[in-house]
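The values are calculated or read from the model by the stated rules, or taken from the named source; none is laboratory data. Here the structure is a predicted model, which means the values were calculated and not measured. Here the Cβ positions follow ideal geometry from the backbone for every residue, glycine too, while neighbour counts run over all protein chains shown. The accessibility values were calculated without ligands, DNA or RNA, using every heavy atom of the protein model including side chains. Shrake-Rupley method; radii C 1.70, N 1.55, O 1.52, S 1.80 Å.
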Amino acid sequence: MIVTTKQLFEAAYGKYAIGAYNINNLEQTMGLFRGCMDSQAPFIIQISKGARSYTHKAMLEGLIRAADQVFPEAVFAVHLDHGDEAACYDCIESGFYSSVMIDASHEPFEKNVEITKRVVEAAHARGIVVEAELGQLGGVEEHVRVNEGDAKLTDPDQAKEFVELTGCDSLACAIGTSHGAFKFSGSQSLHFEVLEMIQQRLPGFPLVMHGSSSVPQEEVARINAAGGNLKGAKGVNEDEFARAATLGVTKVNIDTDGRLVWTRVHREFFRDFPEKFDLRDPGKIFMAEYAKFIAHKNEKLGSAGRLAEVRKLV
Ligand code: G3H
Ligand code: 13P
Ligand code: ZN
């Protein structure tokens, strides 16, 4: 059942966070649904602009509609990740997405407000909810590249003003994370003090944490042992999700970790079975491993076991 992120946030706020997982293909879709069913968790599927153009935007829509039938118990939102204005309008008009993210965080404050406000008006007119972003994460986003030193943590006072001016439904805040597999070139840390100040100014308002992959060191070691070259890869401590959730983080974005599972499975498979070439062989292993990974993440986020109660609320 497709719901809005807003409905999920109302159920989760202050208690746990909802996992927002990026998908690009069939195997990720199957693994994601299975993992969420195994752990009985509500979830958010997110689709980036890159994912929409990887094959054709209609392909992912078709996959998700099919998965909704294959897994009738599932409760999830379908969300555009890091949209620009044009992508947001396209998703709003599609009638398929229940939530969009307008990411104008690279623009000056006033321009970010202006763009976000326009998207909010268009989305709300169709019953679709909007995530916006203020502050700048380090790392690489599709249309933005930010060096760690240039990343700007979200200013708590500006966050309150931004939400009031734009009417957005949730806010992605920069609190020390970055996208990709190489977070924290220095020591690893979430800026809980910033998060606390934002929550004080925006009590009850859902906050979003991007760049939340934990980049498991065992995964990195296995990839490197099977021919990979990921030196110094590092992520967020997944044991910090629970504290972040009590401070208003209701959506936690995870993409890179899933890519690492894919890479590990395929590197090990072709190392161990060099004579094989049926893509379904590693595909089956990946779906099972990805489902396991998702179920584990949902445990850490506290969304595992919440499906029945969320179903009653939506
Ligand atoms: O934040 C970005 C997401 O990980 C999506 O990545 O734009 O390469 O699909 P992508
Ligand atoms: P990661 O690169 O840490 O998985 O972050 C994903 C993300 O924020 C998608 O919007
Ligand atoms: Zn992101």
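Data for the structure
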item	result
Output for the range 114-138, where each listed residue is outside any helix (DSSP H, G or I), out of contact with any Asp or Glu (no Cβ under 9 Å at 6 or more places or on another chain) and in contact (Cβ under 8 Å) with a residue 24 or more places away in the chain	Gly127, Ile128, Leu137
Any hit, the range 148-155, residues being part of a strand (DSSP E or B), modelled with pLDDT under 95 and either within 16 Å of ligand 3 (Cβ to nearest atom) or among the β-branched types (Val, Ile, Thr) (or both)	yes
Conditions (1) within 16 Å of ligand 2 (Cβ to nearest atom); (2) more than 30 Å from Met197 (Cα to Cα): number failed by Arg271	(1)
Meets criteria (over 19 Å from the mean Cα position of the chain (by Cα), more than 13 Å from ligand 1 (Cβ to nearest atom), of a type in the set (Phe, Trp, Tyr) and at negative phi) for Tyr89	yes
Scope the range 171-202; condition in contact with a helix residue (DSSP H, G or I) (Cβ under 7 Å, 6 or more places away or on another chain) and not in a loop (DSSP other than H, G, I, E, B); matching residues	Leu171, Cys173, Ser178, Phe192, Val194, Leu195, Met197, Ile198, Arg201
Every pair of residues 6+ apart whose Cβ atoms lie under 8 Å, when the first sits in the range 271-293 and is touching a residue at least 40 places away in the same chain (Cβ under 8 Å) and assigned to a helix (DSSP H, G or I) while the second is hydroxyl-bearing (Ser, Thr, Tyr) and open to solvent by 100 Å² or more (accessible area, probe 1.4 Å)	none
Any hit, the range 234-255, residues being without any contact (Cβ under 8 Å) to a residue 24 or more places away in the chain and either open to solvent by 60 Å² or more (accessible area, probe 1.4 Å) or of a type outside the set (A, V, I, L, M) (or both)	no
The range 203-229 - residue that is part of a loop (DSSP other than H, G, I, E, B), open to solvent by less than 40 Å² (accessible area, probe 1.4 Å) and not polar (S, T, N, Q) and, of those, farthest from Val261 (Cα to Cα)	Phe205
Conditions (1) surrounded by fewer than 17 Cβ atoms within 10 Å (Cβ to Cβ); (2) in contact with a Ser or Thr (Cβ under 9 Å, 6 or more places away or on another chain): number failed by Pro274	(2)
Failed criterion for Val265 (all others in (1) within 20 Å of Pro42 (Cα to Cα); (2) open to solvent by less than 10 Å² (accessible area, probe 1.4 Å); (3) aliphatic (A, V, I, L, M) hold)	(1)
